[in-house]
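Visitor: Starting off with a structure, shown below.
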Amino acid sequence: MILTPEQRKAINVYLRERNYNYWRFTVMFYQSGGRRTELMRLKAKDVNIERQEYKALVLKGKHHKEVIRPIPQSAIPLWEELLSQSTPEQYLLSTQFLPGMGNAVTIELPAIGNGM
């Protein structure tokens, strides 16, 4: 399904008002160019905000490699917000899409209802 600009705006407003942490994650995910699991495995120490990049671990079959992904200027405030709440060893997106010690790769993403 392709959303119209108006539908995307409505979804954006709905998420931001009702679940800010999930909204922040979706914006970071959409703008990062990375995979969901890459962001969920990301620790604060893997982010270089000055260089506007983060180091992600890409897992493909038995192959693992680190890649550097850019952080777009428009998303920097969201990354800074999470970094200000975390320690270097914490995952940026743990339980409730907040910094924490638990790897959140297996978190089930909430469904968006039709009640917009």
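Rule-based calculations on the coordinates, nothing more; no lab input. As the structure is a prediction and not an experimental result, all values here were calculated from the model. Because the Cβ atoms are built from the backbone with ideal geometry, glycine has one as well, and the counts that use them run over all protein chains shown.
Visitor: Can you tell which of LEU57, SER74, TYR20 lies farthest toward the positive end of the dipole of the chain, using +1 and -1 charges on the Cβ of basic and acidic side chains (Lys, Arg; Asp, Glu)?
Guide: LEU57
Visitor: Compare MET101, MET40, MET28 in a GNM of the chain, Cα atoms joined below 10 Å, and give the one with the largest fluctuation.
Guide: Among MET101, MET40, MET28, the largest GNM mean-square fluctuation belongs to MET101.
Visitor: Let me spell out the model: positive unit charges on the Cβ of Lys and Arg, negative unit charges on the Cβ of Asp and Glu, origin at the Cα centre of the chain. What dipole size does that give, in debye rounded to 20? Don't skip to the answer; put the middle values down first.
Guide: Values: 16 positive and 11 negative charges, 78 e Å.
In total the dipole reaches around 380 debye.
Visitor: How far, in degrees from 0 to 90, does helix 20-32 lean away from the longest principal axis of the Cα atoms of the chain, to the nearest 10?
Guide: Helix 20-32 and the main axis of the chain meet at about 70 degrees.
Visitor: With the crude spin-label approximation of a point 7 Å out along Cα→Cβ, what separation in nm comes out for ARG8 versus LEU59?
Guide: Output for this residue pair reads 3.1 nm.
Visitor: What number comes out for the charge environment of ASN12, summing +1 per Lys or Arg and -1 per Asp or Glu over other residues with Cβ under 13 Å away?
Guide: Details: positive: ARG8, LYS9, ARG16, ARG18, ARG24; negative: GLU6, GLU17.
Summing Lys and Arg as +1 and Asp and Glu as -1 gives +3.
Visitor: Please sort by residue number the GluC sites (Glu not before Pro) in the stretch 16-80 whose DSSP state is loop and whose Cβ has at most 13 other Cβ atoms within 10 Å. List each step's numbers first, then the result.
Guide: On the way: sites: GLU17, GLU38, GLU50, GLU53, GLU66, GLU80; in loops: GLU50.
Here the GluC sites (Glu not before Pro) that fit, given the DSSP loop and packing criteria, are GLU50.
Visitor: While we're looking at this one, here's another question. Which of these values of Cα Rg over 2.2 N^0.38 Å was calculated from the structure shown: (1) 1.09; (2) 1.89; (3) 1.69?
Guide: Looking at Cα Rg over 2.2 N^0.38 Å for this model, the match is (1).
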